[in-house]
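Taking it in order: structure first as structure tokens, then the write-up.
The values are calculated or read from the model by the stated rules, or taken from the named source; none is laboratory data. What you see is a predicted model; the values in this text were computed from it and never measured. Here the Cβ positions follow ideal geometry from the backbone for every residue, glycine too, while neighbour counts run over all protein chains shown.
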Amino acid sequence: MILSSIDFETATMGRGLEDNEVVFELIGVTAVISNNWEVKGPLGFNQNGTGIIYINGTTISVTVGLGEDGLGEFTINLDDAKIAIGGCLITLDGGITGEILNYFIRAITSYVIQSIESTFQIIVCLLFNGIPSF
């Protein structure tokens, strides 16, 4: 999958629940994800093509804790990360057409949303684990 065309309506930064926390929030996020797909089934059923996933009405929130270590050096830690996908439109191009296509899209939409949300969590954690200390 390739993520592109990321945009947002509003970006805010504020205090978290703890004194040392900062919350970064993007509201009204839109994005386009392009991908290839393939479906295999019984009796040699095999279809493939390309697809585009349009994400809209999404809110992304990242909470970080600021502090210092035992040597007095500045630290930043990921405290929380959330993504709430408001809308997801999937279009597919390839061998599947008509009602089969509509059924397939309805069947996979919730899984696509769950996959994007969990991938977001993983990426944010990897990014914060990669921040070097000085």
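I'm told Gln47 meets every condition in (1) touching a residue at least 60 places away in the same chain (Cβ under 8 Å); (2) more than 18 Å from Ser5 (Cβ to Cβ) except one. Can you identify the failing condition by its number?
(1)
Counting only residues that are aliphatic (A, V, I, L, M) and more than 18 Å from the chain's Cα centre (by Cα), which one in segment 82-134 is modelled with the highest pLDDT? So that I can check it myself, show each step before the final result.
First, pick out the residues of segment 82-134 that are aliphatic (A, V, I, L, M): 83-85, 89-90, 92, 96, 100-101, 105, 107-108, 112-113, 116, 122-124, 126-127, 131.
Now narrow it down to the ones that are more than 18 Å from the chain's Cα centre (by Cα): 92, 96, 100-101, 105, 107, 131.
Values: Leu92: 81, Ile96: 61, Ile100: 74, Leu101: 76, Ile105: 85, Ala107: 88, Ile131: 64.
Here the answer is Ala107.
Checking Thr63 against (1) more than 23 Å from Asp19 (Cβ to Cβ); (2) out of contact with any helix residue (DSSP H, G or I) (no Cβ under 8 Å at 6 or more places or on another chain); (3) modelled with pLDDT of 90 or more: exactly one of these is not met. Which one?
All conditions pass for Thr63, except number (1).
Can you name the number of the only condition in (1) among the hydrophobic types (A, V, I, L, M, F, W, C); (2) within 26 Å of Thr109 (Cβ to Cβ); (3) touching a Leu at 6+ places or on another chain (Cβ under 8 Å) that Ile76 fails?
Every condition holds for Ile76 apart from (2).
Give me the strands (runs of 3 or more DSSP E) completely within segment 1-118, filtered to those with at least 2 residues that are touching a Gly at 6+ places or on another chain (Cβ under 7 Å) and surrounded by 11 or more Cβ atoms within 10 Å (Cβ to Cβ), ordered by residue number. If you could, list the steps in order and put the result at the bottom.
Details: elements: 2-7, 10-15, 21-40, 46-68, 74-84, 87-94.
Correct list: 21-40, 46-68, 74-84, 87-94.
Those residues that are more than 20 Å from Ala84 (Cα to Cα), among the aliphatic types (A, V, I, L, M) and in contact (Cβ under 8 Å) with a residue 40 or more places away in the chain, I need them from segment 5-44; list them, please.
The one that is more than 20 Å from Ala84 (Cα to Cα), among the aliphatic types (A, V, I, L, M) and in contact (Cβ under 8 Å) with a residue 40 or more places away in the chain: Val39.
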